[in-house]
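Since the structure comes first, as structure tokens, the remarks are kept for the end.
The values are calculated or read from the model by the stated rules, or taken from the named source; none is laboratory data. Not measured: the values here are computed from a predicted model. Here the Cβ positions follow ideal geometry from the backbone for every residue, glycine too, while neighbour counts run over all protein chains shown.
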Amino acid sequence: MKKTIALIAHDGKKPEMVAFVKDHQDLLEHANIIATGTTGSYVRQTGLPVELKLSGPMGGDAQIAALAAEGKVDGIIFFRDPLGKHAHEPDIQMLMRVCDLYNVPLATNPATGSLIIEGLLEDLID
Ligand SMILES: O=C(CO)COP(=O)(O)O
């Protein structure tokens with residue numbers, strides 16, 4: 001069964017997310033990708049299909065948290081901007097809390113993101 005990977009990046013990190021996806025495109029081709037709205041639009045530039053949720057500030061993080069709580073997300077890559085301030089900070093904290101509560105792999109930087117992608121997807125391809 002296909003794994004579902006959620007991708008989220010704050011504005012200052014969107015170019016890094018696109019580069020990360022390109023670097024892992026051969027593995028991500030074998031996953032269902034979901035993303036918050038604007039991040040997903042950027043990731044679609046790679047040609048990979050992406051299911052778009054709402055934009056983060058409009059509830060997208062909360063939607064992904066709900067899916068994580070329901071066991072419908074296998075891993076989350078969330079590149080946060082450590083210098084930014086966000087009106088929806090409670091949603092961001094909630095998403096991270098839900099990942100801890102339900103033991104959902106969560107990466108907040110590319111190094112850990114690579115480990116999650118490789119760990120979840122590498123054995124799916126021959
Ligand atoms: O704000 C975000 C995560 O907290 C990301 O949302 P967008 O991908 O819609 O910019």
Test set (1) in contact with a strand residue (DSSP E or B) (Cβ under 6 Å, 6 or more places away or on another chain); (2) buried (at least 17 other Cβ atoms within 10 Å of the Cβ) - residue 92 fails condition number: (1)
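Given 12, 59, 40, which one is of a type outside the set (Ser, Thr, Tyr) and under 13 Å from the mean Cα position of the chain (by Cα)?
Values: 12 fails: under 13 Å from the mean Cα position of the chain (by Cα); 59 fails: under 13 Å from the mean Cα position of the chain (by Cα).
Unique residue meeting the criteria: 40.
Among the residues that make up the range 79-97, is at least one of them within 22 Å of residue 30 (Cβ to Cβ), among the hydrophobic types (A, V, I, L, M, F, W, C) and either assigned to a strand (DSSP E or B) or at pLDDT 95 or above (or both)? Working first, answer last.
Taking the range 79-97 as the starting set, the residues that turn out to be within 22 Å of residue 30 (Cβ to Cβ) are 79.
Within this subset, residues satisfying the condition of being among the hydrophobic types (A, V, I, L, M, F, W, C) are 79.
Next cut, either assigned to a strand (DSSP E or B) or at pLDDT 95 or above (or both) only: 79.
Yes - at least one qualifying residue is present in the range 79-97.
Go through 75, 84, 59, 37 for me and flag whichever is within 11 Å of the ligand (Cβ to nearest atom) and in contact with a strand residue (DSSP E or B) (Cβ under 6 Å, 6 or more places away or on another chain). Give the derivation first.
Working: 75 fails: within 11 Å of the ligand (Cβ to nearest atom); 84 fails: in contact with a strand residue (DSSP E or B) (Cβ under 6 Å, 6 or more places away or on another chain); 59 fails: in contact with a strand residue (DSSP E or B) (Cβ under 6 Å, 6 or more places away or on another chain).
Answer to the check: 37.
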Some residue of the range 52-59 being within 22 Å of residue 118 (Cα to Cα), surrounded by fewer than 20 Cβ atoms within 10 Å (Cβ to Cβ) and modelled with pLDDT of 95 or more: no
For residue 110: the one exception among (1) within 14 Å of the chain's Cα centre (by Cα); (2) within 14 Å of the ligand (Cβ to nearest atom): (2)
Filter result (crowded, with 17+ Cβ neighbours inside 10 Å, free of Cβ contacts under 8 Å to residues at least 60 places away in the same chain and under 21 Å from residue 114 (Cα atoms)) within the range 27-45: 32, 33, 34, 35, 36, 39, 40, 42, 43
